[in-house]
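The values are calculated or read from the model by the stated rules, or taken from the named source; none is laboratory data. Given the structure is predicted, the values throughout are model-derived calculations rather than measurements. A quick note on method: Cβ atoms are made from the backbone with ideal geometry, for glycine too, and the neighbour counts reach across all protein chains shown.
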């Protein structure tokens with residue numbers, strides 16, 4: 001007998017499938033029109049996550065609390081042998097900035113023979129100039145409204161502030177924006193505003209992730225967004241950004257929720273999934289998609 005949680009997620013899945021069938025058809029038509037019949041599945045075992053600050057972060061954001069930094073290798077204790085690429089990230093200062101210019105000599109050594117994907121936070125242009133020679137791609141988290149920025153990060157920022165940084169980054173390097181669905185404690189807030197703002201910027205790729213209520217954080221007791229709400233946003237992303245490669249990133253809840261989310265993502269016309277579930281593999285086969293497997297971070301081209 002399935003648990004109550006599994007039954008609840010199954011009901012959410014049925015509600016998602018009950019979304020107006022014309023939207024599902026339109027999303028798939030757009031995928032078919034602008035993209036090849038392939039899907040990229042990544043298991044990023046050859047990308048090493050590296051933190052410039054170890055486990056230290058001044059912000060202690062409501063969704064992370066420094067938890068995910070503990071799964072990264074500190075820059076001063078990295079052996080990247082066997083890694084084809086590195087994710088360069090770290091904790092933020094009170095203004096939301098990662099100290100990207102710290103340890104540049106060590107970063108330069110990692111760069112030799114490897115590609116680097118950077119999470120830079122709210123970077124300044126002078127810092128960006130310094131790290132540009134070591135950048136292959138920049139991953140940048142987008143937040144769509146000031147309420148979410150305040151509740152999650154404790155920062156007084158607007159969507160315009162994030163767009164200004166995003167536009168600055170694009171002048172120096174390829175940028176793949178990330179959008180967390182349900183970042184505001186499981187509630188949708190500014191996500192649609194982000195999609196609308198990005199639609200006029202002709203994106204190559206967008207990575208969509210979903211809030212994971214994480215033990216030890218302020219959002220530990222929150223629920224992830226309802227699957228129907230996530231599906232609606234995935235459909236809107238496909239319809240709003242027809243030519244953009246849409247990827248479902250590694251940060252999303254596990255268990256039955258992930259199994260059903262992955263299936264919905266493929267039905268909605270997304271182009272790739274990181275660490276796909278069996279449901280994803282089955283659905284890709286049913287829809288006649290050729291699977292292309294990768295071993296690095298999905299933000300890397």
(request) Select from region 107-121 the residues that are surrounded by 16 or more Cβ atoms within 10 Å (Cβ to Cβ) and either without any contact (Cβ under 8 Å) to a residue 60 or more places away in the chain or in contact with a helix residue (DSSP H, G or I) (Cβ under 6 Å, 6 or more places away or on another chain) (or both) and list them in ascending order. (result) 107, 111, 114, 116, 118, 119, 120, 121
(message) Just to be sure before I move on: is residue 248 buried (at least 23 other Cβ atoms within 10 Å of the Cβ), in contact with a strand residue (DSSP E or B) (Cβ under 7 Å, 6 or more places away or on another chain), at pLDDT 95 or above and at negative phi in the structure I sent?
(response) yes
(request) Could you grab me the full set of residues in region 255-275 that are under 20 Å from residue 219 (Cα atoms) and free of Cβ contacts under 8 Å to residues at least 24 places away in the same chain? (result) 258
(request) Could you tell me whether residue 225 is in contact with a strand residue (DSSP E or B) (Cβ under 8 Å, 6 or more places away or on another chain) and modelled with pLDDT under 95? (result) no
(request) For residue 205, indicate whether it is within 30 Å of residue 80 (Cα to Cα) and surrounded by fewer than 19 Cβ atoms within 10 Å (Cβ to Cβ). (result) no
(request) For region 258-282, name all the residues that are surrounded by fewer than 23 Cβ atoms within 10 Å (Cβ to Cβ) and either at pLDDT below 95 or over 20 Å from residue 236 (Cβ atoms) (or both). (result) 258, 259, 274, 275, 277, 278, 279, 281, 282
(message) On the basis of being surrounded by fewer than 17 Cβ atoms within 10 Å (Cβ to Cβ) and either within 19 Å of residue 240 (Cα to Cα) or free of Cβ contacts under 8 Å to residues at least 60 places away in the same chain (or both), does residue 141 make the cut?
(response) no
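Condition check ((1) in contact with a strand residue (DSSP E or B) (Cβ under 6 Å, 6 or more places away or on another chain); (2) without any contact (Cβ under 8 Å) to a residue 60 or more places away in the chain) across all residues:
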| site | (1), (2) |
| --- | --- |
| 38 | yes, no |
| 43 | no, no |
| 47 | yes, no |
| 53 | no, yes |
| 74 | yes, yes |
| 83 | yes, yes |
| 88 | yes, yes |
(request) Residue by residue through region 170-197, note down the ones that are closer than 21 Å to residue 123 by Cα and either more than 17 Å from the chain's Cα centre (by Cα) or surrounded by fewer than 21 Cβ atoms within 10 Å (Cβ to Cβ) (or both). (result) 170, 171, 172, 173, 174, 178, 197
(request) Determine whether region 160-169 contains at least one residue that is at pLDDT 95 or above, closer than 27 Å to residue 212 by Cα and part of a loop (DSSP other than H, G, I, E, B). (result) no
